[in-house]
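Working notes, beginning with the structure itself.
No value in this document is a laboratory result; all are computed from the given coordinates. Keep in mind the model is a prediction, meaning the values are calculated, not measured. We place every Cβ from the backbone using ideal geometry, glycine too, and count neighbours over all the protein chains shown.
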Amino acid sequence: MYKDLTEIDTGAGLMINGEGIYQEGETDHYNGTGTPEGWTADIYGLIVDVNGKEYTIPAAALGEDLLKALTSNAETELNKYY
């Protein structure tokens with residue numbers, strides 16, 4: 001007999017391991033480009049909490065698509081609330 005493990009509540013928690021960095025806006029007067037003002041997210045990986053013990057999954061193990069999605073969502077939240 002098999003059981004789909006997605007149906008089991010393990011009580012595990014998931015958090016982003018990283019930091020938000022506020023970037024001051026800068027304008028390049030020569031070509032009209034520059035750095036927009038706002039938050040960027042530097043993600044180091046994910047932290048999984050299982051029964052009070054934390055395990056870290058490094059960013060290199062996450063895959064490019066997942067890392068981009070996490071970065072985008074983190075930056076959206078930072079710029080919305082901070």
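Observations
- Label corresponding to Cα Rg over 2.2 N^0.38 Å when calculated from the structure given, among (1) 2.93; (2) 1.52; (3) 1.11: (2)
- Reachable aspartates and glutamates from Lys68, criterion Cα separation under 17 angstrom, eight or more residues apart if same chain: Glu19, Asp42, Glu77
- Mean separation of Cα contacts under 8 Å, 6 or more apart, over the residue count of the chain: relative contact order %: 27
- DSSP loop GluC sites (Glu not before Pro) with at most 15 other Cβ within 10 Å: longest gap in the chain: 38-82
- Between 0 and 90°, nearest 10: helix 64-81 axis offset from the chain longest Cα axis: 60
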